[in-house]
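> Can you read through this structure? Questions will come right after.
The values are calculated or read from the model by the stated rules, or taken from the named source; none is laboratory data. Please read all numbers here as calculations on a predicted model, not as lab measurements. Here Cβ is always computed from backbone atoms with ideal geometry, including for glycine, and neighbour counts include all displayed protein chains.
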Amino acid sequence: MSTLSAAAGLRRLLWLLAGLLLVALFALLVFLLREYQHGQQQAALQHEAARMGQDVRSGLARSVQDLHALQSVAPSPAYWPVVAAELLNTQRKLVHLEWRDNAHATRVQRHSPFLPGLHAARSRHEPLIDLRPVCELARRLDGAAYSGSYFLPLGQGRGIELMELCLPLNRDGRADGYLVATYSMAGLLAELIPAEARRGRRLSWTEADGTRLVMVGELAQAGQPLHHASQLVALPGGATWLLRLEQSGGAEHPVAAALPLAVGALALGLLALLALLARDLRRRQRAERQLAEALAFRQAMEDSLLTGLRALDLEGRLTYVNPAFCQMVGLSAEQLLGTSIPAPYWPTEQIEEYRQRLQARLAGQRSPREGFESVFMRADGSRLPVRVIEAPLVDAQGRQTGWMSAILDLSAQRRNEELLRVSQERLQATARLAMAGEMASLISHELNQPLAAIASYASGSLNLLPSTPDGAAPTASELGPLRSALQRIAEQAERAGKVIKSVADLVRQRDRERAAVAPTDLLQAIWPLLQLQARQQNIELERDVSPDCPPVWCQRTMIEQVLLNLARNGMQAMPAGDPPGPSGLRRLRLSARRAVQGRGEGVEFAVADHGQGISQEQAEQLFTPFFTTKPEGMGLGLRLCRTVVEQHGGALQYSAHAPRGTVFRFTLPVAPG
């Protein structure tokens, strides 16, 4: 016991040391990052200060060139002030220009327009610095020389720090005086250093002892840690200053701010991961010991078989299932193992039958070697046809401990059998259609002559109407109904002949002549036939044709037959009393309106009823040949209608009609021209 306690104490000590090490590492990383960041900022600031010093020297050199140009452009005192004024306007760092002779007497001078009262408080002839030594040095150097800076009071407690430049002038190889330029020290910083470089920084000229002469700019963030860098600026003539650049430290770098949190989170995550790994290792070792014996048994079967396997003990409890069996029944192994009678995959309506069969198996009755067919129930309630092949499960001592069953899924076999059955039915339907085509051809041939005779007799009767047996001319009231009836007989006989000819052409796949027909004419042609049937069934007919409907391009007789068939089907869907007359729903509506067909214009025809509607089972076979819900029907009407519409480039569709009933629609192309 003391050994276990010592080991546990040692582990705790090791964990404590690891935690302290992580904390120390965290602190070291933060310190190094901050030092590195500070060093980077200081190096960048020093580089910027050197660049600014170079900018000042370069700017002064350009200014000297401009002064040389001034003297070249205006060599006489008369024109010199004008050119000097232009230079002072363009360079605000220059506050005064003066041309002196060799005795240092002023020939001509010009003040900056930006500081007109520069020498109001103290005259230019009372200088604060003697320029003679500077100009003599410039003459010896044959170039520009700079004086030290000095403070010029402006009154009211104000003043300005200035610096003088002396440039020797020569003409025809002889000394011709000096050009003296007065510079504002603050103007040098403001004009020669770009504004972008000065933004958020403070620049100043200082002497060697640190005395600040002039300062330009403001720090971006007051109160922050201050970084500074200095750059020595030495000018000809011995003038030397320090250019001091200051900027605030600013906010801490995002990486540096986030690093402590990241390292802390990493340390905690590492500790948690180590703890989880230790716990998982202990659990894995226990699980491996428990699964070592079962792994060899299950591995050989589960890796090599796609057949479902199950094992039953002598009491009918499930002791083993493989993944294939679980997939078949849609249940997990945890839901199946340990279950007994009734099994969760037994169909509810066959539980008693399966119970008796299992009891016989437990009593010692063996199942056929080839197995037996059964039906299992999936978790979603669907049925699964299977073949079950069982064999005794014997242990190493030769004792039977249960039964091992192999389960074969027969779903694919059943689907193939169903496909074969459907194919046979289609072949039979095709044969019946071929026979119907031959019958249609025969019937059309046999009926054409009687129909032609009927039409001839009707026409002859119309020709005989003007004379009467007594020789008296009949009155219009006596001839009107009879003439109308005979005309109807002739028209319908002719129409029947055209229908029979069109059906024969449809069976023989012949092309038929098409023409432009107004939608109103198509509906008007079948209206008398529909009115007769509608009166018999107490159905109200409605006709609605949009005024903007153009003529359609079609074979008139066949489209009239399609509309007639759809209308008769709609009336047959409303038997007597369904819907009742007082409901106001015993109506059949035929309509036509402009629509879009494919990429062009078309006219959509619709036949809407308030009948019993179409069930899901009827919808699946609605256009199947020889399928009908009418005792006297042949099941070819809708099929022929769809064929005719498709030959016209359209499609016959249907949908539910609120509040009840069905709407059939099809579209015909607009007549060309």
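This table checks each residue for (1) at pLDDT below 85; (2) within 20 Å of residue 189 (Cβ to Cβ).
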{"position": "112", "(1), (2)": "no, yes"}
{"position": "119", "(1), (2)": "yes, no"}
{"position": "140", "(1), (2)": "no, no"}
{"position": "144", "(1), (2)": "no, yes"}
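> Here is a follow-up. Which of the strands (runs of 3 or more DSSP E) contained wholly in the range 311-408 include at least 3 residues that are farther than 23 Å from residue 293 by Cβ and charged (D, E, K, R)?
Strands (runs of 3 or more DSSP E) meeting the threshold: 383-394.
> Sticking with this one: Looking at the range 78-89, can you tell me whether even one residue there is farther than 21 Å from residue 142 by Cβ, acidic (Asp, Glu), assigned by TED's automatic domain parsing to the domain that holds residue 150 and in a helix (DSSP H, G or I)?
Yes, the range 78-89 contains at least one residue that is farther than 21 Å from residue 142 by Cβ, acidic (Asp, Glu), assigned by TED's automatic domain parsing to the domain that holds residue 150 and in a helix (DSSP H, G or I).
> Here are some residues: 658, 671. Which one is more than 42 Å from the chain's Cα centre (by Cα) and modelled with pLDDT of 80 or more?
Going through 658, 671 in turn, the sole match is 671.
> Just one of (1) over 13 Å from residue 330 (Cβ atoms); (2) touching a strand residue (DSSP E or B) at 6+ places or on another chain (Cβ under 6 Å); (3) of a type in the set (D, E, K, R) trips up residue 366, so point out which.
Among (1) over 13 Å from residue 330 (Cβ atoms); (2) touching a strand residue (DSSP E or B) at 6+ places or on another chain (Cβ under 6 Å); (3) of a type in the set (D, E, K, R), residue 366 violates only (2).
> Next question. Quick test of your reading of the structure: residue 347 fulfils all but one of (1) farther than 26 Å from residue 415 by Cβ; (2) out of contact with any Phe, Trp or Tyr (no Cβ under 7 Å at 6 or more places or on another chain); (3) surrounded by 13 or more Cβ atoms within 10 Å (Cβ to Cβ); (4) touching a residue at least 24 places away in the same chain (Cβ under 8 Å). Name the failing condition by number.
(1)
> If the requirement is being at pLDDT below 80 and surrounded by 13 or more Cβ atoms within 10 Å (Cβ to Cβ), which of these qualifies: 17, 29, 88?
29
> Taking the condition without any contact (Cβ under 8 Å) to a residue 60 or more places away in the chain, surrounded by fewer than 18 Cβ atoms within 10 Å (Cβ to Cβ), closer than 13 Å to residue 591 by Cα and assigned by TED's automatic domain parsing to the domain that holds residue 652, does residue 541 pass?
Taking the combined requirement at face value, the residue satisfies it.
> OK, next. Which number in (1) surrounded by fewer than 16 Cβ atoms within 10 Å (Cβ to Cβ); (2) of a type outside the set (A, V, I, L, M); (3) modelled with pLDDT of 85 or more marks the one condition that residue 553 misses?
All conditions pass for residue 553, except number (1).
> Give the residue that is surrounded by the fewest Cβ atoms within 10 Å (Cβ to Cβ), with candidates limited to residues of the range 564-608 that are more than 17 Å from residue 663 (Cβ to Cβ) and basic (Lys, Arg).
Checked the range 564-608; the qualifying residue surrounded by the fewest Cβ atoms within 10 Å (Cβ to Cβ) is 599.
> Scanning for something closer than 30 Å to residue 53 by Cα, among the basic types (Lys, Arg) and either in a strand (DSSP E or B) or modelled with pLDDT of 75 or more (or both), does the range 240-260 turn up at least one residue?
yes
> Within the bounds of the range 355-366, is there any residue that is within 13 Å of residue 409 (Cα to Cα), of a type in the set (A, V, I, L, M, F, W, C) and surrounded by 13 or more Cβ atoms within 10 Å (Cβ to Cβ)?
The answer is no; no qualifying residue exists.
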